């Protein structure tokens with residue numbers, strides 16, 4: 001496994017992982033799949049802002065990705081970021097999410113970030129357990145703030161203070 005900075009060549013595989021999460025999970029609360037142009041702008045925007053976008057590669061294949069961005073747009077939140085970690089179905093349960101999150105935390109520390117926030121659909125116990133393993137604590141739960149697949153979704157907010 002290799003964790004490295006994302007390149008534009010990774011984006012079609014990242015798009016596939018992203019759209020699969022839109023189609024089949026409540027990890028992403030969008031209901032409409034996106035195209036390659038959107039993912040290119042997403043990458044460019046993160047890089048312009050100085051935020052990392054990481055790719056996990058296994059045997060030459062993109063297996064997952066992770067990034068963070070500013071939590072809220074007000075300047076007072078500039079040292080708090082919200083992160084995302086996604087792993088392709090065929091590569092789950094191999095430690096990739098842990099490796100990606102480890103690198104994100106290291107990058108955040110190096111950048112002087114103070115707080116990482118995880119915003120997780122409340123029934124995603126796998127993600128919640130992953131975050132707890134890294135010392136994230138649940139700081140809030142918001143019932144029925146989203147809807148997908150014709151059901152209300154609850155949101156769990158988790159925080160790691162560096």
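The values are calculated or read from the model by the stated rules, or taken from the named source; none is laboratory data. In this text the structure is predicted, and so the values were computed from the model without any measurement. Note that each Cβ is placed from the backbone with ideal geometry, even for glycine, and that neighbours are counted across all protein chains shown.
For this structure, a couple of remarks:
Matching residues to (1) more than 12 Å from residue 3 (Cα to Cα); (2) touching a residue at least 24 places away in the same chain (Cβ under 8 Å):
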{"position": "54", "(1), (2)": "no, yes"}
{"position": "61", "(1), (2)": "no, yes"}
{"position": "77", "(1), (2)": "yes, no"}
{"position": "96", "(1), (2)": "no, yes"}
{"position": "114", "(1), (2)": "yes, yes"}
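- Residue match in segment 135-153 (condition: out of contact with any strand residue (DSSP E or B) (no Cβ under 7 Å at 6 or more places or on another chain), within 16 Å of residue 21 (Cβ to Cβ), at pLDDT 95 or above and loosely packed, with under 15 Cβ neighbours inside 10 Å): yes
- For segment 109-153, the set of residues classified as within 26 Å of residue 51 (Cα to Cα) and in a helix (DSSP H, G or I) consists of 109, 110, 126, 127, 128, 129, 130, 131, 132, 133, listed by residue number.
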